[in-house]
Amino acid sequence: MILKIATYPNKILETPCEEVGFPVPDAVRQLIKNMLETVRDANGIGLAAPQVNKNLRIIVVNLEYAGIPAFALINPKVAWSSKKTTEMEEGCLSIPGVFGMVERPEKITFSGQDINGKIITARCGGILSKVVQHEIDHTNGILILEKIKKYTQGKELLKK
Ligand code: NI
């Protein structure tokens, strides 16, 4: 099922999310399925639960075009990040039409849990690192609007 995406300035986007307990209820399994379907349908590269109006620490990453199978991560955290930072142009499905340059650590080690509660941890760089950081920010109620150093598109759309 394709879910409705919450858009800025919806307050849920700026509210820190709740940890998910295990075993997860069926509703969470279904939510993750729906989030994967929704991010693909929207041609997005990542999506966090608050963007579909669920105040839960769940993210999905959809980088299939880059050869990375789509995956979900529950209770995700950045466990380590490189001192070196790089800038990348970012957008957000919840802030349609707005893009800007965001500076973040180049590499991270992220950790989290899969649907069965198994710990997943990986060190990564490149686009995967940036997407995971962007989505983890969502679970902490942080939007790219707080981090954009220079808008590249759509700044005028932000007038409330
Ligand atoms: Ni986003």
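Read-outs: derived from the displayed coordinates by stated rules, not from any lab. Since the structure is predicted, the reported quantities are computational estimates derived from the model, not experimental observations. Cβ: placed from backbone, ideal geometry, glycine included. Neighbour counts: every protein chain shown.
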Report the semi-axes of the equivalent ellipsoid for region 73-114 in whole Å, largest first, where each axis is √(5λ) for an eigenvalue λ of the Cα gyration tensor. 22, 17, 5
How do 123-136, 51-64, 143-156 rank on mean C-beta neighbours within 10 Å, highest first? 51-64, 123-136, 143-156
What does the charge count near Ser82 come to, summing +1 for each Lys or Arg and -1 for each Asp or Glu among other residues with Cβ under 15 Å from its Cβ? +3
Segments 88-98, 74-84 sorted - mean Cβ within 10 Å per residue, highest first: 88-98, 74-84
Compactness summary of region 1-57: radius of gyration and Dmax from Cα atoms, Å, are 11.3, 33
Name the residue farthest towards the positive end of the dipole of region 1-93 from the options Val78, Ala48, Ile32, assuming +1 on Cβ of Lys and Arg, -1 on Cβ of Asp and Glu, about the Cα centre. Val78
Region 11-157, dipole about Cα centre (Lys/Arg Cβ +1, Asp/Glu Cβ -1), debye to the nearest 20: 360
If you find the alpha carbon centre of region 1-60 and of region 132-160, how far apart are they in angstrom? 17
Go through Lys107/Lys150; Lys4/Lys155; Lys107/Lys159; Lys77/Lys155 and tell me which ones have a Cα-Cα distance over 25 Å in this structure. Lys107/Lys159; Lys77/Lys155
For region 1-129, would you read off the P(r) tail past 23 Å as a percentage of all alpha carbon pairs? 33
